[in-house]
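Worksheet for the structure shown next.
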Amino acid sequence: MRLTILGGGGFRVPLVYRALLADHGKGRVTDVVLYDLDPARTAVIRQVLAEQAAGHPDAPAVTATTDLDEALTGADFVFSAIRVGGLDGRAADERLALAEGVLGQETVGAGGLAYGLRTVPVAVDIARRVAAVAPDAWVINFTNPAGTVTEAMSRHLGDRVIGICDSPVGLGRRVAAALGVDAGTAWFDYAGLNHLGWLRAVRVEGHDVLPELLADDAALASFEEGRLFGGEWLRAIGAVPNEYLHYYYFARDAVAAARNAERTRGALVLDQQRDFYARTPDSPGSALEAWETTRMARETTYMAENREAARAGERESCDLESGGYENVALALMRAIAHDERTTLILNVRGRGALPGLDDDAVVEVPCLVDANGARPVACAPLADHQLALVTTIKAVERAVLEAATTGSRPAALRALATHPLVDSVTVARRLLERYEARFPELSYLRS
């Protein structure tokens, strides 16, 4: 099989390649094409991949190109992990939002909306090229904001684009460990949108064991989400939220922690990766070791501001393990390519699976996957407070899609002003002006 990775010079590409090297099943990926507009970054990543491939005689062949059509031609699967504006853009998203006293995180709040406004037009162009050049390919989207981007691409690719995220699988793994149950035999009742979902039940042999966890403060303190949200709040809502809901439930705390931090998360990651990409080509040492060192530094500092705000302490060693998005991607590819039926939590068009949202709304829910793609499993209705937040954020996402596909500046303003974490139309107007002045990619917006 041929896998094309869009954003082939990206820092997480070695995670995907590592998973491919561990896959010795029939019909495995034999060719990987890296597509990226920055050949220098791609060259560094190819160094890392070459070291990973050492000792693997059947390692997938790796090629690189800056031509999108060339990259897509002959692809069976397309993995999309692009970053429009780069990490400099992410850092600017955060900085400009915090200057207005609101959250600038890359997928949540004003920063996520600015990122979406930059990314959706590019993602739509990619979807059109896939439809024209590789109509039989399946697109696996990890580009953030993943739900918004997947919905934009689905308007051109239908159900042949599927969004993935490592947060739900990581949450399920940690909750299962806290409960002392085998994650492989449990059913996780998880539902919502990307970075906006709740684990509502954990069923083992037909019994929901989540209430046992919610009642046990010691068990809750054994994993990251339990420490972030605290037992009192988890019992109040009767569920374990995705970690990103900390930005909503503790918005003031999160903003205060971000403003007090020496650097924002984006600025920190920018410095880490800038050093990695700059030093590796001329370094006499191992590119793979340099990558691993940088990756561990990234994982250790993940959501550090939120943990500080919640007084949750340092990340535990078990929380440093990858949530497994590369393994989700591999499982998804194998299930489709070889009809290896499985269940995965994915971002797909809901088709009525999540009551309260229309059929075309991309939601994050358990899906049955086989050669026909991913089919969402019908979910129990969300609680009122959950549905209220989900429908509000879906309306915001739709405003971003309207702005990005029609050039409507009023729609962009509406997206910012109606987001729960932007508390004023005046602030939203100033933010939009700041983002337009900083990012030439937003020049398509017009009154």
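The values are calculated or read from the model by the stated rules, or taken from the named source; none is laboratory data. If you're wondering where the values come from, they're calculated on a predicted model, not measured in any experiment. Every residue, glycine among them, receives a Cβ derived from its backbone with ideal geometry; neighbour counts consider all protein chains shown. Just so you know, the surface numbers come from the protein's heavy atoms only, side chains and all, with ligands and any DNA or RNA stripped out. Shrake-Rupley method; radii C 1.70, N 1.55, O 1.52, S 1.80 Å.
Can you tell me how many residues in the stretch 212-231 are touching a Lys or Arg at 6+ places or on another chain (Cβ under 9 Å), in a helix (DSSP H, G or I) and without any contact (Cβ under 8 Å) to a residue 60 or more places away in the chain?
4
Only residues that are in a strand (DSSP E or B) and open to solvent by less than 30 Å² (accessible area, probe 1.4 Å): list them for the stretch 14-55, please.
Matches in the stretch 14-55: Val32, Val33, Leu34.
Looking at (1) free of Cβ contacts under 8 Å to residues at least 40 places away in the same chain; (2) in a strand (DSSP E or B), which one does Gly352 not meet, given that it meets all the others?
Going through (1) free of Cβ contacts under 8 Å to residues at least 40 places away in the same chain; (2) in a strand (DSSP E or B) one by one, Gly352 breaks only (2).
Which residue, of Asp93, Asp58, is under 28 Å from Ala412 (Cβ atoms) and either open to solvent by less than 50 Å² (accessible area, probe 1.4 Å) or at pLDDT below 95 (or both)?
After applying the criteria, what remains is Asp93.
Report yes if some residue within the stretch 213-226 is of a type outside the set (Ser, Thr, Tyr), in contact with a Leu (Cβ under 6 Å, 6 or more places away or on another chain), open to solvent by 10 Å² or more (accessible area, probe 1.4 Å) and farther than 30 Å from Glu397 by Cα; otherwise report no.
Looking for residues that are of a type outside the set (Ser, Thr, Tyr), in contact with a Leu (Cβ under 6 Å, 6 or more places away or on another chain), open to solvent by 10 Å² or more (accessible area, probe 1.4 Å) and farther than 30 Å from Glu397 by Cα, one finds at least one in the stretch 213-226, hence yes.
Taking the stretch 262-293 only, how many residues are touching a helix residue (DSSP H, G or I) at 6+ places or on another chain (Cβ under 8 Å) and part of a helix (DSSP H, G or I)?
Of the residues in the stretch 262-293, 18 are touching a helix residue (DSSP H, G or I) at 6+ places or on another chain (Cβ under 8 Å) and part of a helix (DSSP H, G or I).
Name the one entry in Leu87, Leu72 that is open to solvent by less than 30 Å² (accessible area, probe 1.4 Å) and at pLDDT below 95.
Leu87
When you go through Ala191, Ala137, Ala176 one by one, which is the residue that is surrounded by fewer than 24 Cβ atoms within 10 Å (Cβ to Cβ), aliphatic (A, V, I, L, M) and within 18 Å of Val348 (Cβ to Cβ)?
After ruling out the rest, the residue left standing is Ala137.
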